[in-house]
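The values are calculated or read from the model by the stated rules, or taken from the named source; none is laboratory data. Since the model is a prediction, treat every value here as computed from it, not as a measurement. Ideal geometry is used to build each Cβ from the backbone, glycine not excepted, and the neighbour counts take in all protein chains shown. Each accessible area value is taken on the protein alone, full model and side chains, heavy atoms only, with ligands, DNA and RNA left out. Shrake-Rupley method; radii C 1.70, N 1.55, O 1.52, S 1.80 Å.
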Amino acid sequence: MDNISNGLGFGASSSDPKAAVMNQVRQEAAMTNARQLIEKVNEHCFEKCVPKPGSSLSSGETTCFTQCMEKYMAAWNTVSRQYINRIQQEQGRSAGGGGIF
Amino acid sequence: MDSPSSSLQQNIDLSKLSENDKHELQQFIVNESQKARIQQSVHSLTDICWKKCVTGTIRSGKLDKNEETCAQNCVDRFLDANMTVIRHLDNMRNQS
């Protein structure tokens, strides 16, 4: 799968290997994140929007998918905010704690 | 996790890195790994809390107030539960 980011032309400029490594790491991280999100959105929204698959995706189902996707991302942002708040609280209470996962 | 490094070696000449660069990169990788771990947790929490909190049919692209509160509680309670499990395991270890 890592070939996708190479294939998209995020190659390294050999003049600055440090920046090149950083860029590549950022790209890999962004790809993993996006892939994960797409996978989850598809899984959950398919469940919600296509209860009985017909011969094609109806316009109602397509609308549902668009809304569901926006909603899933809203949920993601809410969860992210709450989770990060919590991490910061725990770290404030006992320095050194933190990442359980 | 071995694929990124293999693709790195194809493209980037790491021998040109100075000692300073290496330290900076090490720190960068530590930070990025932590970010990735947090993002991973957010993905799995969203997965869990979506199932719990978004139970009706999809009517709009926004979370309604109930769903939002539910998602916030879901995160906090899941982490409480997680802490409880860890504490209990810790007790069990100390008793044996």
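The helix-based estimate of mean residue ellipticity at 222 nm for chain B, built from -39,500 (n - 2.57) per DSSP H run of four or more residues and divided by its residue count, is -28000 deg cm²/dmol to the nearest 500.
Using a 1.4 angstrom probe with every protein chain in place, what is the largest-first accessible-area order of B:Phe78, B:Phe28, A:Phe46?
Largest accessible area first, the list is A:Phe46, B:Phe78, B:Phe28.
Residue by residue along B:32-40, Cβ atoms of other protein chains within 10 Å of the local Cβ number 4 on average. Along the axis of the charge dipole computed for chain B (Cβ charges of +1 for Lys and Arg, -1 for Asp and Glu, origin at the Cα centre), the listed residues B:Leu45, B:Ile12, B:Phe28 are led at the positive end by B:Leu45.
Placing pseudo-labels 7 Å out from each Cα toward the beta carbon at A:Ile38 and A:Arg93 gives an inter-label distance of 3.9 nm.
Peptides B:17-26, B:83-92, ordered by how many other C-beta atoms sit within 10 Å of their residues on average, highest first, read B:17-26, B:83-92. Which log10 I(q)/I(0) values does the range B:21-94 give at q = 0.21, 0.24 Å⁻¹ under the Debye formula, counting every alpha carbon as one identical point scatterer? Cα-only, vacuum Debye calculation for the range B:21-94: -0.94, -1.04.
Order A:64-77, A:81-94 from most to least packed using the mean count of other Cβ atoms within 10 Å. Intermediate results must be reported in sequence, preceding the final value.
Working: A:64-77: 19.3, A:81-94: 13.6.
Ranking the peptides A:64-77, A:81-94 by packing returns A:64-77, A:81-94.
Return one number: the angle in degrees, 0 to 90 and rounded to the nearest 10, between the long axis of the Cα atoms of helix B:65-95 and the longest principal axis of the Cα atoms of chain B. Compared with the principal axis, the helix lies near 70 degrees.
Dipole magnitude for the range B:13-96: computed about the Cα centre from +1 point charges on Lys and Arg Cβ and -1 point charges on Asp and Glu Cβ, it is near 400 debye. Computed from the Kirkwood radius of its Cα pairs, the Stokes-Einstein diffusion coefficient for the range A:17-95 at 4 °C and 1.567 mPa s stands at 84 µm²/s. Per-residue shielding of A:82-88, expressed as the average number of other chain Cβ atoms within 10 Å of the residue Cβ, stands at 5.
A Förster radius of 41 Å combined with the Cβ-Cβ distance from B:Ser33 to A:Ser56 puts the calculated FRET efficiency at roughly 0.45. Taking 18 Å as the limit for the C-alpha separation, the pairs A:Lys52/B:Lys65; B:Lys35/B:Lys65; A:Lys71/B:Lys51; A:Lys71/B:Lys52; A:Lys48/B:Lys62; A:Lys48/B:Lys65 exceed it in the case of A:Lys52/B:Lys65; B:Lys35/B:Lys65; A:Lys48/B:Lys65. Of the listed residues B:Cys53, B:Cys70, the order by accessible area with a 1.4 Å probe, largest first, is B:Cys70, B:Cys53. The mean number of partner chain beta-carbon atoms within 10 angstrom of a residue's beta-carbon across peptide A:66-77 is 6. Between the beta carbons of A:Thr66 and B:Gln40, assuming R0 = 22 Å, the FRET efficiency works out to 0.25 to the nearest 0.05.
If ligands, DNA and RNA are left out, what is the accessible area of B:Lys62 with a 1.4 Å probe, given in Å² to the nearest 10? Taking all protein chains as shown, B:Lys62 has close to 150 Å².
Accessible surface computed residue by residue for the range B:21-94, with neighbouring protein chains in place and a 1.4 Å probe, gives 65 Å² per residue.
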